[in-house]
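One structure is given here, and the rest of the page talks about it.
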Amino acid sequence: MSEPKTTSDRHETPRRSIGPIIGGSLSRGVEARLEGTSTPEALRSGQMVVVEGERYDFFGMITDLALRSTSPEALEGAPSIDLRDEPLGAILRGNTYYGLATLRLSLMRARGARVDDEEALEPARTIPGHFAPARIAGSADVERVFGRPGEGGYYRIGSPIEMKDVSVCVDLDRLVERSSGIFGKSGTGKTFLTRLVLAGIIRRARLAKQTSSGTRPPTLLVFDMHNEYAHGSRREEGSVVKGLADYFPADVEVFSLGSQGSRGGRFVVQIPYSQIEPEDVLLLSDELNLTDTAAECAYLAQARWGKAWFQRMIDPSPEAAEERKSLGAHEQAIRAFWQRLRYLHSQCQSFLCDRLSPELDAVRQIMINLREGKHTIVEFGKSRHLLQYMFVANILTRRIHAQYTEATEAYLAEPKPGNEPRPAVIVLEEAHKFLSPTLARQTIFGTIAREMRKYYVTLLIVDQRPSQIDPEIHSQLGTKLICHLDNERDVEAVLAGASAEMGLRGVLANLRSKQQALILGHAVRMPVVVDTRTYGDKEFDREIGFRTEEERRRDADLAAQQLGGL
């Protein structure tokens, strides 16, 4: 029988003391008085901390730093005192003048519990007593809370603040159990963070196939509006990084919208007019400047002409115009709706068609990929028009969700081995355009977010304006990865419902403008600020098993030499 693992079994970083706890509460956080030799300049908002209580070790983060003195009178002579001078500074610092760190405690663990006992970690429901020592977390503490890369679904997403050689992991299995979100203003690195997450999901699925583990990892469907995920793209400093299809050519298939794919995806997405529903058009109310009567016109047309309603509505012939007058809506309203549909058609005619044979049906091929575990990226070409993106993403997702609903209900009616649908994760950029308060209850994406994987489909939404997403959708997101945001409404929206929201607000406000994120929710045991790892560097390439042509040739030459020596 193996011996229990202990902290001493692993490499541990030196412990850095903060100071004793002197006050606070469970709701507001506890306060640690910095020791005489400590200075607030050595600490950072968002750093992970440990407080060693009598019965429990507590895990949390620094949410605020402050300066204090023993009395107001002590500050009267402060301008003439330089605490850097010795020995006067050594006498006054930490006694008359001291720093204070506010710590938000998230987890607690009974002292003496086995190091590898994950069940010993539980939400913090109490606080340590006066003078309990607080310290910066070490590498073993981080591993204890966030797991070890490569074990189970743990995947390295970055490092804690000021601990670049230590790994913070997200649990990918838990990440995909519920819908999730990646947020951040433009230029903060959220696209590279999204690539990092998607690469982890693909790699996890590939390993599950290779090991025949019996698990059914999810398959990705990525709506790639800006052509940023499939193939290589250029960083701001000029270097080129590989895309997901470059890293995983056997696991990823690229679809192109009409003839617009940037690299000529193998499968060209075309949509027959008969697949267009009124809801697909009404989703574009803002982009098309539709009036309140548009919905009435659309549903009257569908009731009259069925699946041919869109074609009949855009028909410019005098005969069709006369037919439209008899729909029952106001004539001016019908004409205004006709004009907007003609504009929509002019923007989308490159991928709209009269009819489509089954073997050319994009939804059919995507469903085959989803069932077989092949990830699909739909590129939107050089135009990258928001109107096209919203229109196509809604039509395809609505049909895919309908087929998943049918498959799930069949499985529940007669559960057989191998009949269970494979989970799917749909990646959606510009999510606020689909999930605004006025549209979230009308679009298929709002339905998916609220269902919480009821039909084996979840969302990964990527957005720079979380304040424009319906609050109910935010409440359904299991995990949030949040890059820098500087709009107060966006910060308030993305943290709504999070415990100790006020403390996290300050942490979020202090994030670096690039390559740093606050992660909270289902996939991590406690909120954590990470310096996100670099997507596409040599370390990343090694981890996912990617080798350049030169490396493959060198290995082949070496193998040939070894065979020649036999």
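The values are calculated or read from the model by the stated rules, or taken from the named source; none is laboratory data. Source: prediction; values computed, not measured. All Cβ positions, glycine included, derive from the backbone under ideal geometry; neighbour counts span all protein chains shown.
A few points about this structure:
Residues are listed down the side, and each one gets a yes or a no for (1) surrounded by fewer than 21 Cβ atoms within 10 Å (Cβ to Cβ); (2) touching a strand residue (DSSP E or B) at 6+ places or on another chain (Cβ under 7 Å); (3) assigned to a loop (DSSP other than H, G, I, E, B); (4) of a type outside the set (D, E, K, R):
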| position | (1), (2), (3), (4) |
| --- | --- |
| Asp173 | yes, no, no, no |
| Ile182 | no, yes, no, yes |
| Gly187 | yes, no, yes, yes |
| Leu193 | no, yes, no, yes |
| Ala199 | no, no, no, yes |
| Arg203 | yes, no, no, no |
| Leu207 | yes, no, no, yes |
| Gln210 | yes, no, no, yes |
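- Selection from segment 409-451 of residues that are of a type in the set (Ser, Thr, Tyr) and crowded, with 19+ Cβ neighbours inside 10 Å: Thr443
- Here Gly497 fulfils each of the conditions (1) on the phi > 0 side of the Ramachandran plot; (2) crowded, with 23+ Cβ neighbours inside 10 Å apart from (2).
- Single residue of segment 346-362 satisfying the filter (in a helix (DSSP H, G or I) and modelled with pLDDT of 90 or more) that is farthest from the chain's Cα centre (by Cα): Ser346
- The condition of being over 29 Å from Leu520 (Cα atoms), at pLDDT below 95 and among the aliphatic types (A, V, I, L, M) does not hold for Leu67.
- Output for segment 117-158, where each listed residue is of a type in the set (Phe, Trp, Tyr) and either out of contact with any Cys (no Cβ under 6 Å at 6 or more places or on another chain) or not in a helix (DSSP H, G or I) (or both): Phe131, Tyr154, Tyr155
- One residue from Leu100, Leu92, Leu121 being modelled with pLDDT under 70 and surrounded by fewer than 20 Cβ atoms within 10 Å (Cβ to Cβ): Leu92
- Exactly one residue out of Arg109, Arg114 is closer than 30 Å to Gly152 by Cα and either assigned to a strand (DSSP E or B) or modelled with pLDDT of 95 or more (or both): that is Arg109.
- Positions within segment 500-536 being crowded, with 18+ Cβ neighbours inside 10 Å and in contact with a His (Cβ under 9 Å, 6 or more places away or on another chain), in sequence order: Leu508, Leu511, Gln516, Ala517
- A Cβ distance below 8 Å, combined with a sequence gap of six or more or placement on separate chains, defines the contacts here; from segment 426-444, residues that are on the phi > 0 side of the Ramachandran plot reach residues that are aliphatic (A, V, I, L, M) and in a helix (DSSP H, G or I) in the pairs Glu430/Leu386; Glu430/Met390.
- Val281 vs. criteria β-branched (Val, Ile, Thr), surrounded by 19 or more Cβ atoms within 10 Å (Cβ to Cβ), at pLDDT below 95 and over 25 Å from the mean Cα position of the chain (by Cα): no
- In the set (1) in the same structural domain as Pro20 (by TED's automatic domain parsing); (2) at pLDDT below 95; (3) crowded, with 19+ Cβ neighbours inside 10 Å; (4) small (Gly, Ala, Ser), the condition left unmet by Ala137 is number (2).
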